[in-house]
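Read the structure below first, then the notes.
The values are calculated or read from the model by the stated rules, or taken from the named source; none is laboratory data. In this text the structure is predicted, and so the values were computed from the model without any measurement. Positions of Cβ are generated from backbone atoms using ideal geometry, with glycine treated the same way; all protein chains shown enter the neighbour counts. What goes into the accessible areas is simple: the full protein's heavy atoms, side chains included, and nothing from ligands, DNA or RNA. Shrake-Rupley method; radii C 1.70, N 1.55, O 1.52, S 1.80 Å.
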Amino acid sequence: MHQKGSKMVTVMVRLGWLICGFVAMCEPALRANASPNCYRKTCHGIAYDSCVAVCCGNQLHVGAGLSCCGDQPFNPATASCCNTTHGHFKAQVTQGLSANVSRCCGLKAYDELNEICCGSTIVGRPAAAAECCGKEAYDVETELCCGGTIQVKNSADHLCCSDSQFNFRTECCRWNDDGSHEISSKPKNSQCDPATSGVQYQKPELQPHCTEPNTHRCGSLCYDPNKRRCCERKEIKPQWNPASGQHDAAFSVYDPDTHVCCDGHVKPGMDQFHGSPGQHCCGTEVYQPRDEICCDGHRYPKEENLHCCGIKAYNIKDPKMKCCAGTLYNVAHLRNRGDVTCCGSILRNPQEQKVCCSSKDNAVLYSGKTGFGCCGHLYFNLSLWSCCAESLSPVQRSGQQQRKMTECRLQSVNNLKETHLCREIYIGTVQSVSPNSIVFSSVLKINGTNGNVHPVPFHYVLATPNRCNTPKLILGKFYYFNDVNVVADFNHDTALQSLYFLLNKCSP
């Protein structure tokens, strides 16, 4: 780390952290109010905030959202880390592919949706249902890997018998004592001898047995429900955790007296402290809410139009500042700053050939490719997959009716221009969803330009005639919408916070 960078972070820390006498009592509030993976740490004697810097190999690196890949810093939103412990530890960063959608093939990251790792070699998927045959990939629906070679299936009923094929309905594959094999007709009214069968079937994965009295199972873990709880994440694919530098496990066990399970993630408990009259905790500091605002454990003097973006405060009327999911950017140096958009916490410059795919859970920036499209936050190959309502399915085979490819992604209110944001728009909570409509409750009709807000009686039914174009929504969560689009606010947790921001942003 350059000395200049270290000094900059040190000055930033010392200016922002005026340690008060209530540090010990304010720490529980820090855990409750700060971002889930944001903590105050030291790096070789230098204090820093993990939201704006990271310590890798005893060197401090400045940057929002960074994690460590060995001794190297990287941003999991735009890069991936692969490591190996064979022989000695090695780690390597792959740029341009988010850790949220990648897998590792040795030290190289790859896109599992459209690629496959075969013998430490990354190859393109020939079909959605693909497997490896040595260092090559094959379509399991139309091909077989027999004796290490790829062969076209003679029929849907054919399997491998060493390097040959046989019809398992009419024939038997038999291994002889000398290691040879032979294919023979299946005896009438009889089955092939399983003891000599040359066909190998995948054994089911063994699940752990919790033998201790009164123990329960939590994924592959055992726990006592009288002392611990199970925290299960519903996501199919594990997400990258910047705090641990690895993908989160789908299951974890926690102590309910000290931690809570929030959306499948274990977090510290929610005890709080209030100081003397007029004083409140802001992280490890005490602040005066009448004169200051608190942004995730950092305090700032109150100013007009000042709002929080993660741990930083900014003027929402300033066209040079852009807040992307808690990360603040200065776009003054961009000539087309009015056209820049957010992709999750990453700033997307329209001049770059990048594509942002977003869903209710994630937003990922990809390098643009011909013949690819967005399905939620996944970027898929049109020749392999089809997309409907953020659900992918393999393309239909030739001779069958093919479903038309439809892109589907959830837009962000942060990317709406003020001409659209400040005109008539609705905000409401998703009550129910059907194939052709969405029901919103507690709906408000807003005109941000003149500050008018009117309640809509009963509920609002939004027609969605093309369900494949409609992204997945979370029941009970608020969204903005009009007669055409549904838009999410990834910068605010509650509808009140979001509405307050919109009215301030649009006010003259």
Query - Leu382 paired with Asn436, simple spin-label distance in nm, labels 7 Å along Cα-to-beta-carbon - result: 2.9 nm
Query raised in the report: What does the charge add up to near Ser180, with Lys and Arg as +1, Asp and Glu as -1, over the other residues with Cβ less than 13 Å from its Cβ?
Result: -3
Report task. Rank these residues by their accessible area, most exposed first, probe 1.4 Å: Arg290, Arg125, Arg228, Arg217. Result -> Arg290, Arg217, Arg228, Arg125
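Cβ neighbours within 10 Å, averaged per peptide: list 355-368, 309-322 in order, most packed at the top.
Sorting 355-368, 309-322 by mean packing, highest first, produces 355-368, 309-322.
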Requested in this report: Can you work out the accessible area per residue across region 150-191, with the rest of the protein chains kept in place, probe 1.4 Å, in square angstrom?
Outcome: 69 Å²
Report summary line: Other residues with Cβ under 15 Å from the Cβ of Asp318 give, with Lys and Arg +1 and Asp and Glu -1, a net charge of +3
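For Asp493, Asp157, Asp291, Asp193, give the ranking by accessible area with the largest first, probe 1.4 Å.
Correct descending sequence by accessible area is Asp493, Asp291, Asp193, Asp157.
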Report task. With unit charges on the beta carbon (Lys/Arg positive, Asp/Glu negative), name the residue among Ser98, His86, Cys68 whose Cα is farthest towards the positive pole of the charge dipole of region 54-184. Result -> Cys68
Query raised in the report: For region 57-138, what class follows from the C-alpha gyration tensor (a ≥ b ≥ c being the square roots of its eigenvalues): rounded when a/c is under 1.5, otherwise prolate if a/b is larger than b/c, else oblate?
Result: oblate
Query raised in the report: What full-extension length gain, to one decimal in nm, is calculated for Asp71 and Asn226 as 0.36 nm per residue of separation minus the Cα-Cα distance?
Result: 51.7 nm
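Quick check: residue separation of Asn154 and Arg335 times 0.36 nm, minus the Cα distance between them. What number comes out in nm?
Difference between extended and current length: 59.1 nm.
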Query raised in the report: If one computes the Cα centroid of region 365-392 and of region 41-120, what distance in Å separates the two points?
Result: 25 Å
**Report entry** Solvent-accessible heavy-atom area per residue, rounded to whole Å², over region 283-436 at 1.4 Å
**Finding:** 51 Å²
Requested in this report: Compare Arg40, Arg409, Arg423 by solvent-accessible area with a 1.4 Å probe and give them largest first, with all protein chains kept in place.
Outcome: Arg423, Arg409, Arg40
Query raised in the report: Which percent of the accessible heavy-atom area of region 90-147 goes to carbon and sulfur, probe 1.4 angstrom?
Result: 44 percent
Report summary line: If R0 = 30 Å, then Asp257 and Leu392, at their Cβ-Cβ distance, give a FRET efficiency to the nearest 0.05 of 0.10
Report task. Taking 7 Å along the Cα-to-C-beta vector as the label spot, tell me the Lys302-Glu424 distance in nanometres, rounded to one decimal. Result -> 3.6 nm
Query raised in the report: Given labels modelled 7 Å from the Cα in the Cβ direction, how far is it in nm from Val456 to Val484?
Result: 1.7 nm
Report task. Quick one: net charge around Ala332, please, counting Lys, Arg +1 and Asp, Glu -1 for every other residue with C-beta under 13 Å from its C-beta. Result -> +3
Report summary line: For Leu496, the accessible surface traced by a 1.4 Å probe with all protein chains present amounts, in square angstrom to the nearest 10, to 140 Å²
**Report entry** Accessible-area value, Glu171, 1.4 Å probe, nucleic acids and ligands omitted, Å²
**Finding:** 50 Å²
